[in-house]
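Q: Here it is: the structure, laid out below.
The values are calculated or read from the model by the stated rules, or taken from the named source; none is laboratory data. Since we're looking at a predicted model, the values are computed, not measured. Note that each Cβ is placed from the backbone with ideal geometry, even for glycine, and that neighbours are counted across all protein chains shown. Side chains are part of the model used for accessible areas, which takes the heavy atoms of the whole protein and leaves out ligands, DNA and RNA. Shrake-Rupley method; radii C 1.70, N 1.55, O 1.52, S 1.80 Å.
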Amino acid sequence: MSSDRLDAIFFLQERFMEQLSEHKEPLPTWPVDPSDKRAQQFIRDIIHRGTEEAFEALLHLKNWKPHKHTENKEFDRDSFLEEMIDDFTYKLEALILMGYESKEFFDAFCEKNRRNLDRVKGEY
């Protein structure tokens with residue numbers, strides 16, 4: 001069972017990647033060969049770009065320091081979400097470049113979720 005929304009997300013990202021490759025930044029033909037050194041370097045770069053976006057999202061969290069007694073009540077929810085989407089987009093791009101499809105991702109996510117739940121319940 002795969003989600004129509006997840007299928008749509010994969011579809012939209014792949015169309016974006018095609019346009020990006022055609023007009024701005026040439027991407028390697030996908031799926032890339034995961035044993036190829038240049039392909040691995042490119043995938044690592046894409047994942048690092050996503051990680052940078054995650055760090056930008058972290059900058060919106062001002063009250064995480066346990067030793068800090070003052071609180072900053074400002075939180076830009078929309079900006080936080082945008083940075084998280086940027087992170088997700090880069091990581092999704094890496095998955096697509098490696099040849100993963102939405103059903104495979106969905107099934108793997110469900111299996112990992114089941115294993116995590118087993119851990120929480122002490123069955124791991």
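Q: Report ³J(HN,Hα) in whole Hz for each residue of the stretch 39-48, in order, from the Karplus equation J = 6.51 cos²θ - 1.76 cosθ + 1.60 where θ = phi - 60°; Gly and Pro get x.
A: 5, 4, 4, 5, 4, 4, 4, 4, 5, 5
Q: Something else about it: Counting only protein heavy atoms and using a 1.4 Å probe, what share of the accessible area of the chain belongs to carbon plus sulfur, as a whole percent?
A: The C+S portion of the solvent-accessible surface of the chain is 56 percent.
Q: Using each residue's phi in the stretch 61-69, evaluate 6.51 cos²θ - 1.76 cosθ + 1.60 at θ = phi - 60° and report the 3J(HN,Hα) Karplus result to the nearest Hz, with x for Gly and Pro.
A: So the J values, rounded to whole Hz, are 9, 9, 10, 8, 6, x, 8, 8, 8.
Q: So how exposed is THR29, as accessible area in Å² (1.4 Å probe, rounded to 10)?
A: 120 Å²
Q: How much area per residue is accessible in the stretch 10-124 when the probe is 1.4 Å and only protein heavy atoms are counted (Å²)?
A: 78 Å²
Q: With an 8 Å Cα cut-off and a minimum separation of 6 or more residues, compute the relative contact order for the stretch 1-104 in percent.
A: It comes to 44 percent, rounded to a whole number.
Q: At a threshold of 8 angstrom on Cα-Cα distance, excluding pairs fewer than six apart, so keeping six or more, what relative contact order does the stretch 48-124 reach in percent?
A: 33 percent
Q: Moving on. Among the lysines, select those whose C-alpha is under 29 Å from the C-alpha of LYS121, and discard any that sit fewer than 8 residues away in the same chain.
A: Cross-link targets: LYS103, LYS112.
Q: Another one. Name the shape class, rounded, prolate or oblate, that the alpha-carbon gyration tensor gives for the chain, where a ≥ b ≥ c are the square roots of its eigenvalues, rounded holds for a/c under 1.5, and otherwise prolate holds if a/b is larger than b/c and oblate otherwise.
A: oblate
Q: So for the stretch 30-84, taking the charge dipole from beta-carbon charges (+1 Lys/Arg, -1 Asp/Glu), which of TRP64, ILE43, TRP30 sits furthest toward the positive end?
A: Result: TRP64.
Q: Another one. Per-residue accessible area for LEU81 at 1.4 Å probe radius, Å² rounded to 10?
A: 100 Å²
Q: Suppose every Lys and Arg Cβ carries +1 and every Asp and Glu Cβ carries -1, with no other charges. What dipole size does the chain come out with about its Cα centre, to the nearest 20 debye?
A: 640 debye
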